[in-house]
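Colleague: There's a structure below that I have some questions on.
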Amino acid sequence: MIDDLGRKIIRVLNEDARKSYREMAKQLGISVTAVINRIKKFEDMGVIKGYIPVVNREHFGIKLTALIALRLRQGNLLEIQKQISKDDRIAGVYDITGEWDSLIIGYFKDRKDLNDFIKSLLLKNSVDRSITHIVLNIVKEEKRIIV
């Protein structure tokens with residue numbers, strides 16, 4: 001379990017992961033060494049897996065976000081999902097409960113790019129059916145875990 005100080009450090013990193021250890025220590029009222037040691041401990045434990053920039057996808061020509069539900073043939077579902085996850089356009093592959101077996105979140109340059117991806121999925125013998133939802137507006141999309 002993460003204690004209160006740990007949660008505070010994660011919140012500060014969520015605000016700005018590029019903030020210096022000195023600035024973080026001052027904001028939290030603790031020593032720089034305490035900040036460094038705690039962050040190092042979090043990295044070693046796998047609490048912090050890495051640091052990434054949050055970018056505007058449109059600057060990279062990505063204009064569509066799609067949610068794709070799949071019904072897969074019984075068998076090696078996780079192996080099929082792992083194959084799908086290797087595609088750079090795919091941000092998330094979820095093994096889910098309910099009517100569908102898997103939910104995919106993908107970012108595509110345009111409708112043709114999305115269409116090509118869907119067609120390649122349907123050509124796989126392991127995919128029985130898909131349903132695709134195109135995102136019209138993003139109301140909230142949060143990458144950080146709020147602790």
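Colleague: Among (1) in contact (Cβ under 8 Å) with a residue 24 or more places away in the chain; (2) part of a helix (DSSP H, G or I), where does residue 40 come up short?
Modeller: (1)
Colleague: So, in the range 49-58, how many residues would count as being outside any loop (DSSP other than H, G, I, E, B) and more than 14 Å from the chain's Cα centre (by Cα)? Lay out the reasoning, then the answer.
Modeller: Step one: list which residues in the range 49-58 are outside any loop (DSSP other than H, G, I, E, B), which gives 57-58.
From what is left, the residues that are more than 14 Å from the chain's Cα centre (by Cα) are 58.
Number of matching residues: 1.
Colleague: Shifting gears a bit: Which one is farthest from residue 122 (Cα to Cα), of the residues in the range 71-87 that are polar (S, T, N, Q) and at pLDDT 90 or above? Break it down into steps so the answer makes sense when it comes.
Modeller: Keep residues of the range 71-87 that are polar (S, T, N, Q), which gives 74, 76, 81, 83, 85.
In the following step, the residues that additionally are at pLDDT 90 or above were identified as 81, 83, 85.
Numbers: 81: 13, 83: 14, 85: 15 Å.
Only one residue fits best here, namely 85.
Colleague: Look through the range 135-147, keep the residues that are loosely packed, with under 11 Cβ neighbours inside 10 Å and among the basic types (Lys, Arg), and return whichever of them is modelled with the highest pLDDT. Spell out the reasoning first.
Modeller: Filtering the range 135-147 for residues loosely packed, with under 11 Cβ neighbours inside 10 Å gives 136-143, 145-146.
Checking the rest, the ones that are also among the basic types (Lys, Arg) come to 140, 143.
Values: 140: 93, 143: 81.
Residue satisfying both the conditions and the ranking: 140.
Colleague: Let me ask you something else. Of all residues in the range 106-134, which are in a strand (DSSP E or B) and surrounded by 16 or more Cβ atoms within 10 Å (Cβ to Cβ)? Lay out the reasoning, then the answer.
Modeller: Going residue by residue through the range 106-134, those that are in a strand (DSSP E or B) are 106-108, 127-134.
106, 107, 108, 127, 130, 132 - these are the residues of the range 106-134 that are in a strand (DSSP E or B) and surrounded by 16 or more Cβ atoms within 10 Å (Cβ to Cβ).
Colleague: If you don't mind, there's one more thing I want to ask. Among the candidates 61, 46, single out the residue that is surrounded by 10 or more Cβ atoms within 10 Å (Cβ to Cβ), without any contact (Cβ under 8 Å) to a residue 60 or more places away in the chain and within 20 Å of the chain's Cα centre (by Cα). Steps first, answer last, please.
Modeller: Details: 46 fails: surrounded by 10 or more Cβ atoms within 10 Å (Cβ to Cβ).
Step by step, each of 61, 46 is checked, and only 61 is surrounded by 10 or more Cβ atoms within 10 Å (Cβ to Cβ), without any contact (Cβ under 8 Å) to a residue 60 or more places away in the chain and within 20 Å of the chain's Cα centre (by Cα).
Colleague: Could you list, ordered by first residue, the pairs with Cβ atoms under 9 Å in which the first is in the range 124-145 and outside the structural domain of residue 17 (by TED's automatic domain parsing) and the second is in a loop (DSSP other than H, G, I, E, B) and among the polar types (S, T, N, Q), at least 6 apart or interchain?
Modeller: 126/76
Colleague: Moving on. I'd like to verify a number: residues in the range 90-109 that are more than 12 Å from residue 69 (Cα to Cα) and over 11 Å from the mean Cα position of the chain (by Cα), how many? Don't jump to the end; show me each part of the working.
Modeller: Step one: list which residues in the range 90-109 are more than 12 Å from residue 69 (Cα to Cα), which gives 90-91, 107-109.
Remaining after also requiring over 11 Å from the mean Cα position of the chain (by Cα): 107-109.
Residues meeting the conditions: 3.
Colleague: Considering only residues that are assigned to a loop (DSSP other than H, G, I, E, B) and within 14 Å of residue 116 (Cβ to Cβ), which ones fall in the range 79-94? It would help to see each step written out before you state the result.
Modeller: Within the range 79-94, the subset assigned to a loop (DSSP other than H, G, I, E, B) is 86-89.
Scanning the range 79-94 gives 87, 88, 89.
Colleague: Now a separate question. Any idea how many residues of the range 66-89 are closer than 19 Å to residue 138 by Cα and either free of Cβ contacts under 8 Å to residues at least 24 places away in the same chain or under 13 Å from the mean Cα position of the chain (by Cα) (or both)?
Modeller: Just the residues of the range 66-89 that are closer than 19 Å to residue 138 by Cα, to begin with: 66-69, 89.
Now narrow it down to the ones that are either free of Cβ contacts under 8 Å to residues at least 24 places away in the same chain or under 13 Å from the mean Cα position of the chain (by Cα) (or both): 89.
The number of residues fulfilling the criteria is 1.
Colleague: Related question: Kindly provide the set of residues from the range 33-81 that are of a type in the set (A, V, I, L, M, F, W, C) and within 14 Å of residue 102 (Cα to Cα), ordered by number. Give the steps one after another, and end with the answer.
Modeller: Quick first cut of the range 33-81, residues of a type in the set (A, V, I, L, M, F, W, C) only: 34-36, 39, 42, 45, 47-48, 52, 54-55, 60, 62, 64, 66-70, 72, 77-78, 80.
Scanning the range 33-81 gives 66, 67, 68, 69, 70, 72, 77, 78, 80.
Colleague: Can I ask one more? Which residues, counting only those in the range 95-105, are surrounded by fewer than 17 Cβ atoms within 10 Å (Cβ to Cβ) and in a loop (DSSP other than H, G, I, E, B)?
Modeller: 96, 97, 98, 99, 100
The values are calculated or read from the model by the stated rules, or taken from the named source; none is laboratory data. Just so we're clear, the structure is a prediction, and the values are computed from it rather than from any experiment. Glycine also receives a Cβ, built like all others from the backbone with ideal geometry; neighbour counts cover every protein chain displayed.
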